[in-house]
Amino acid sequence: MPDSNSIRRPTAVVIGASAAGLFTAAVLARFADVTVIERDRLPDGPEPRRGVPQTRHAHVVWSGGVNAFEELLPGLTDAAVAQGARLVRIMGDMISRAPNEVWFRRFLSTHHRNLVCSRDLLDFVLRERVLGDGRITLRQATTARCLEGDATRVTGVRAHHAGKDFTLPADLLVDASGRGSHAARWLAGLGLPDVAEREVNAGVTYATRLFKAPPGAGDDFPLVNVQANPAKAPGRGGIILPIENHQWLVTLAGTRGGEPTAAPDAFVPFALGFGDPIIGRLLRNAEPISDVVTTRSTANRRRYYEKMKRWPEGFVVMGDAVAAYNPVYGHGLTVAAQGALAVRDVLRSTGLTAPGTARRLQRAAARPVAAAWNLAVGQDAFYPGASTTPPTSMERFLARFVDRAVETGARSPRAMGALLDVMSMEKPATRLFSRDMLVPMLFGPRKPHLQGPPLRDDERAVIQP
Ligand SMILES: Cc1cc2nc3c(=O)[nH]c(=O)nc-3n(C[C@H](O)[C@H](O)[C@H](O)COP(=O)(O)OP(=O)(O)OC[C@H]3O[C@@H](n4cnc5c(N)ncnc54)[C@H](O)[C@@H]3O)c2cc1C
């Protein structure tokens, strides 16, 4: 006779109803009854909330992320597009200057796209889709306090709601509570050793302001991106994201000694003062419609849970709670979705309650984490004071190689395709060493680099003389 455990549907609890929590909940619902607990009360529309302050700043989703969104939740991208999001062709719909100060040509031959909209809109569409699934229960205004269980097995979470503490039992507990996660402390509280952690902090400050798109700028205006050069600290750069409702979400960024401030009058002058003044010049005639908001929550910080010698059954950490990246590289959402896909793939072949499943899940989720980590740290390790350990000779070699790859991609559509496969997290970094990159890198053609931003005449007309 089957025992009661083998016939009941497993239960899973997910801490955090932001991107990583919702993507993971969507996957887990195929295998378990899922409860999502969220500290905030969630808004009914595309509005900001306290628990995800980063949503005020520019977010893009690279095509590796868009592909993962679609695999997890088919039609999600169309739902965002129906509400005003755009799938921006990289590089066709972009004006982009690389960290090594090379302007990319607007090649149309690559298939890569960025999903562009306000983060509040994306989160709203995602919430509607995931929390509309009858197998998922949301408990909002509920805060996770600590783990239940012992060093061998996590059995649930101790949570707090409306002045009362209570326990939610779970066969699998997922911590997707973001950068501020307490998972390391909670595990130590169960008697597990400290988790190894690394931080590489370029000291980036973000300052963001919303503008009405200026006269003459259509809804198809290109995304404009000037990236900071790590070889010339302080690094300064910025991005104009044309988003829904004919608005421009503009984020400026600067590393230590070159930080933007929240002073409204300093916003456009800052943008006029870095590498290339294109962003400042485009903003001169745009009407600001918000204050300037800033954040310094931009360090690359990774916790190596997948390498811990002991790992309890029934517990997994996902998303920014495992690793958060310098947001200028725009990879957090892609890792959240690809991590959820990794969870799906493990659970397709292993029972959710089978011994060792949690450890397998943690290791699988670490793969996209490592890919994004290497891309970000490969650049940021070169900023003064970013890390207590200087870049290794391998990191130096790779950084030089990536510079060459960027230069080659700026001249050759074939190389650009390989570069974008990696930057968009569609393919592993080894793609940079493929024939598509090496042949143009070694044998040309040696077209001269563009001397300025590749604006079309109608786009240039938006700039005030
Ligand atoms: C300034 C900035 C810009 C960024 N730009 C980009 C970008 O362009 N592209 C990109 O892909 N990524 C970007 N990111 C990263 C992206 O925002 C995150 O990777 C993404 O939100 C996924 O994070 P998460 O779901 O793991 O955590 P979060 O989004 O931080 O969400 C954590 C959730 O957990 C809840 N929570 C926290 N503690 C508790 C608790 N104890 N109990 C219950 N609930 C709790 C919070 O309220 C929140 O809802 C950016 C990040 C920053 C900081």
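The values are calculated or read from the model by the stated rules, or taken from the named source; none is laboratory data. As the structure is a computational prediction, the values presented were derived from the model and not from experiment. All Cβ positions, even for glycine, are placed from backbone atoms using ideal geometry, and neighbour counts span all protein chains on display.
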Contacts under 7 angstrom Cβ, first residue in the range 196-224 being within 29 Å of V462 (Cα to Cα) and among the acidic types (D, E), partner at pLDDT 95 or above and more than 15 Å from the ligand (Cβ to nearest atom), 6 or more apart: D219/H246
Please work out if A217 is of a type outside the set (D, E), more than 13 Å from the ligand (Cβ to nearest atom), in a loop (DSSP other than H, G, I, E, B) and over 27 Å from the mean Cα position of the chain (by Cα). yes
Anything in the range 119-172 that is without any contact (Cβ under 8 Å) to a residue 40 or more places away in the chain and more than 20 Å from G191 (Cβ to Cβ)? List them, or say none. G132, G134, H160, H161, A162, G163, K164, D165, F166
Q338: touching an Asp or Glu at 6+ places or on another chain (Cβ under 6 Å) and assigned to a helix (DSSP H, G or I), yes or no? no
Does R30 count as touching a Leu at 6+ places or on another chain (Cβ under 8 Å) and surrounded by fewer than 18 Cβ atoms within 10 Å (Cβ to Cβ)? yes
Filtering the range 221-235 down to residues that are more than 18 Å from the chain's Cα centre (by Cα) and modelled with pLDDT of 95 or more, which residue is surrounded by the most Cβ atoms within 10 Å (Cβ to Cβ)? V226
One residue from G84, G45, G51, G65 being small (G, A, S), in contact with a helix residue (DSSP H, G or I) (Cβ under 8 Å, 6 or more places away or on another chain), within 14 Å of the ligand (Cβ to nearest atom) and not in a strand (DSSP E or B): G65
Which of the residues spanning the range 286-329 are more than 14 Å from the ligand (Cβ to nearest atom) and part of a loop (DSSP other than H, G, I, E, B)? A286, E287, I289, S290, D291, Y304, M308, K309, R310, W311, P312, G314
Any residue at all in the range 47-63 that's closer than 16 Å to G330 by Cα, surrounded by fewer than 24 Cβ atoms within 10 Å (Cβ to Cβ) and basic (K, R)? yes
May I ask you to list pairs of residues, at least six apart or on different chains, whose Cβ atoms are under 8 Å apart, with the first in the range 428-440 being outside the structural domain of W373 (by TED's automatic domain parsing) and the second being among the polar types (S, T, N, Q) and part of a helix (DSSP H, G or I)? A429/N374; M437/T408; P440/T408
Please specify each residue of the range 21-42 satisfying the condition of being more than 30 Å from M423 (Cα to Cα) and either aliphatic (A, V, I, L, M) or not in a loop (DSSP other than H, G, I, E, B) (or both). A29, A32, D33, V34, T35, V36, I37, L42
Filter pass, R198 being surrounded by fewer than 20 Cβ atoms within 10 Å (Cβ to Cβ), of a type outside the set (D, E) and modelled with pLDDT of 95 or more: no
Would the range 264-273 turn up any residue that is in a loop (DSSP other than H, G, I, E, B) and either surrounded by fewer than 22 Cβ atoms within 10 Å (Cβ to Cβ) or within 16 Å of the ligand (Cβ to nearest atom) (or both)? no
Among (1) surrounded by fewer than 21 Cβ atoms within 10 Å (Cβ to Cβ); (2) in contact with a Leu (Cβ under 8 Å, 6 or more places away or on another chain), there is one condition G351 misses while meeting the rest; what is its number? (2)
Might you check whether a residue that is of a type in the set (A, V, I, L, M), assigned by TED's automatic domain parsing to the domain that holds D220, modelled with pLDDT of 95 or more and part of a strand (DSSP E or B) occurs anywhere in the range 95-108? yes
Go through the range 300-332 and report how many residues are touching a Ser or Thr at 6+ places or on another chain (Cβ under 9 Å) and of a type in the set (D, E). 2
Residue pairs qualifying under the 7 Å Cβ cut-off, at least six apart or on distinct chains, with the first in the range 40-62 being closer than 22 Å to A372 by Cα and not assigned by TED's automatic domain parsing to the domain that holds Q247 and the second being aromatic (F, W, Y) and near the ligand (Cβ under 7 Å from one of its atoms), are H57/Y206
